[in-house]
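The values are calculated or read from the model by the stated rules, or taken from the named source; none is laboratory data. The structure displayed is predicted, hence computed values, not measured ones. A quick note on method: Cβ atoms are made from the backbone with ideal geometry, for glycine too, and the neighbour counts reach across all protein chains shown. Surface accessibility is based on the protein's heavy atoms, side chains included, excluding ligands, DNA and RNA. Shrake-Rupley method; radii C 1.70, N 1.55, O 1.52, S 1.80 Å.
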Amino acid sequence: MQIKTFIFAVSLSFISTVNIPVFAQSRVLPTLPTNKIEEQEKISNIKKLLDITGFKNIARLETIKLRDSFKAKYPQIPAKFLDAFLAELKLEEIVDELIPLYSKYFTNEEIKGLIAFYETPLGKYYLTVSPQISNEAEEIGRKYGIRAVQRALQKLKLEGLKPEDYVILR
């Protein structure tokens, strides 16, 4: 059961590491490239975007962080399994799997625009501070979640429910 939890957490971690924030706006959906040359250019640009944004480094650091977290939280999971699992995570294969996703949501021109942005001083600065922002936002979210649980428990208590009437995971 804990191995399934571990695999789910790793999957969730990867999903979150590939998320590049973009402000939503009304726009035309991307169309498929009309020829092989356009398709190859778009694929090349998506790989460049992922490279510029440091996807592979972020994913590598996240997997190490996750492995260490699971070693501490689930010491019964053999280290050999964790190491074998991490060895099976091929970042280049993950990049290849992300290409259709980016292609689905961005035109080649939009990808070029993102690349151009991330190559500007502001874009480079954003890339340097976004990990810290994410870490701090995670902590803010964690603390907010704790306060929300406390408020919910207080409301339940006022309604006369006892702790044994509901389950709290620890």
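Data overview
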{"quantity": "Selection from region 88-105 of residues that are part of a helix (DSSP H, G or I) and either out of contact with any helix residue (DSSP H, G or I) (no Cβ under 8 Å at 6 or more places or on another chain) or charged (D, E, K, R) (or both)", "calculated": "GLU88, GLU92, GLU93, ASP96, GLU97, PRO100, LEU101, LYS104, TYR105"}
{"quantity": "Residue match in region 32-50 (condition: among the hydrophobic types (A, V, I, L, M, F, W, C), open to solvent by 40 Å² or more (accessible area, probe 1.4 Å) and modelled with pLDDT under 90)", "calculated": "yes"}
{"quantity": "Scope region 38-56; condition in contact (Cβ under 8 Å) with a residue 40 or more places away in the chain and assigned to a helix (DSSP H, G or I); matching residues", "calculated": "GLU38, GLU41, LYS42, ILE43, ASN45, ILE46, LYS47, LYS48, LEU49, LEU50, ILE52, PHE55"}
{"quantity": "Cross-chain or 6+ apart pairs with Cβ under 6 Å, region 146-159 first and at pLDDT 85 or above, then of a type in the set (Asp, Glu) and assigned to a helix (DSSP H, G or I)", "calculated": "none"}
{"quantity": "Residue satisfying condition, being of a type in the set (Lys, Arg), open to solvent by less than 70 Å² (accessible area, probe 1.4 Å) and over 30 Å from THR34 (Cβ atoms), within set ARG147, ARG142, ARG67", "calculated": "ARG67"}
{"quantity": "Meets criteria (part of a helix (DSSP H, G or I) and in contact with a Ser or Thr (Cβ under 6 Å, 6 or more places away or on another chain)) for LEU66", "calculated": "yes"}
{"quantity": "Checking LEU161 against (1) among the aliphatic types (A, V, I, L, M); (2) part of a helix (DSSP H, G or I); (3) open to solvent by 50 Å² or more (accessible area, probe 1.4 Å), the condition it does not meet", "calculated": "(2)"}
{"quantity": "Checking PHE85 against (1) open to solvent by less than 80 Å² (accessible area, probe 1.4 Å); (2) out of contact with any Leu (no Cβ under 9 Å at 6 or more places or on another chain); (3) closer than 30 Å to THR34 by Cα, the condition it does not meet", "calculated": "(3)"}
{"quantity": "Top-ranked residue of region 106-120 - restricted to ones that are assigned to a helix (DSSP H, G or I) and exposed (fewer than 12 other Cβ atoms within 10 Å of the Cβ), ranked as modelled with the lowest pLDDT", "calculated": "GLU109"}
{"quantity": "Residues of region 69-84 satisfying the condition of being farther than 22 Å from VAL95 by Cβ, among the hydrophobic types (A, V, I, L, M, F, W, C) and either assigned to a helix (DSSP H, G or I) or within 16 Å of the chain's Cα centre (by Cα) (or both)", "calculated": "PHE70, ALA72, ALA79, PHE81, LEU82"}
